[in-house]
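Working notes for the structure below.
No lab work stands behind these numbers, since they all come straight from the coordinates. Just so it is clear, the model here is predicted, and its values are computed rather than measured. Using ideal geometry, Cβ is built from the backbone for each residue, glycine included, and neighbour counts are taken over all protein chains shown.
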Amino acid sequence: MTTRDLFDRQLAAIADQDLESLLAQYHEDATVVRFDRVASGPAEIRELFSAYLSAKPQVDEIVSLQTTDDVIFYRALMTIGGNRVSTYGTMVVRDGRIWRQTAAAQPVA
């Protein structure tokens, strides 16, 4: 499995609104860092993504994507909670799962 495969599975889980598949992508020691909060460990990450999926996120376009053996760096246009946003972030992979992630979104004018 490549980091691109992992990214594609992430997109599919979001498109399917599949919380369990999304959570399966994350390492047991994962941390997700956003400007509004930091989520560490399975319980906090479950809470974060439950709220995220309730906003019905939709990936409209992957604008940029760069991958290495253990890093995914992306920028995407999305609709989240009915709002069009530009998102970007990184995912650091350990043992085939997301270990560290940063994510940010800003409104598209």
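Could you list all residues from segment 36-67 that are among the polar types (S, T, N, Q) and either within 21 Å of Ser21 (Cα to Cα) or touching a helix residue (DSSP H, G or I) at 6+ places or on another chain (Cβ under 6 Å) (or both)?
First, the residues of segment 36-67 that are among the polar types (S, T, N, Q): 40, 50, 54, 58, 64, 66-67.
Within segment 36-67, Ser40, Ser50, Ser54, Gln58, Thr67 qualify.
Filter segment 64-109 for residues that are farther than 18 Å from Phe7 by Cβ and part of a loop (DSSP other than H, G, I, E, B); which is farthest from the chain's Cα centre (by Cα)?
Checked segment 64-109; the qualifying residue farthest from the chain's Cα centre (by Cα) is Ala109.
Output the residues belonging to segment 1-11 that are exposed (fewer than 13 other Cβ atoms within 10 Å of the Cβ) and without any contact (Cβ under 8 Å) to a residue 60 or more places away in the chain.
Hits for segment 1-11 are Asp5, Asp8.
Which count do you get for residues in segment 51-63 that are closer than 19 Å to Val33 by Cβ and in a loop (DSSP other than H, G, I, E, B)?
Summing the residues that are closer than 19 Å to Val33 by Cβ and in a loop (DSSP other than H, G, I, E, B) in segment 51-63 gives 2.
When residues of segment 32-63 are filtered for being within 17 Å of Asp5 (Cα to Cα) and free of Cβ contacts under 8 Å to residues at least 12 places away in the same chain, how many remain?
Selection size over segment 32-63: 0.
Run down Ala43, Ala30, Ala13 and say which single residue is closer than 25 Å to Pro107 by Cα and either in a loop (DSSP other than H, G, I, E, B) or among the small types (Gly, Ala, Ser) (or both).
Exactly one residue qualifies, and that residue is Ala13.
Can you tell me which residue in segment 44-63 is nearest to Ala15 (Cα to Cα), limited to those that are surrounded by 12 or more Cβ atoms within 10 Å (Cβ to Cβ) and acidic (Asp, Glu)?
Ranking the qualifying residues of segment 44-63, first place goes to Asp60.
Quick one: in segment 64-79, which of the residues that are buried (at least 16 other Cβ atoms within 10 Å of the Cβ) and of a type outside the set (Phe, Trp, Tyr) is nearest to Val32 (Cα to Cα)?
Only one residue fits best here, namely Ile72.
Working only within segment 31-41, note down all residues that are over 12 Å from the mean Cα position of the chain (by Cα) and either crowded, with 18+ Cβ neighbours inside 10 Å or not charged (D, E, K, R) (or both).
Within segment 31-41, Phe35, Val38, Ala39, Ser40, Gly41 qualify.
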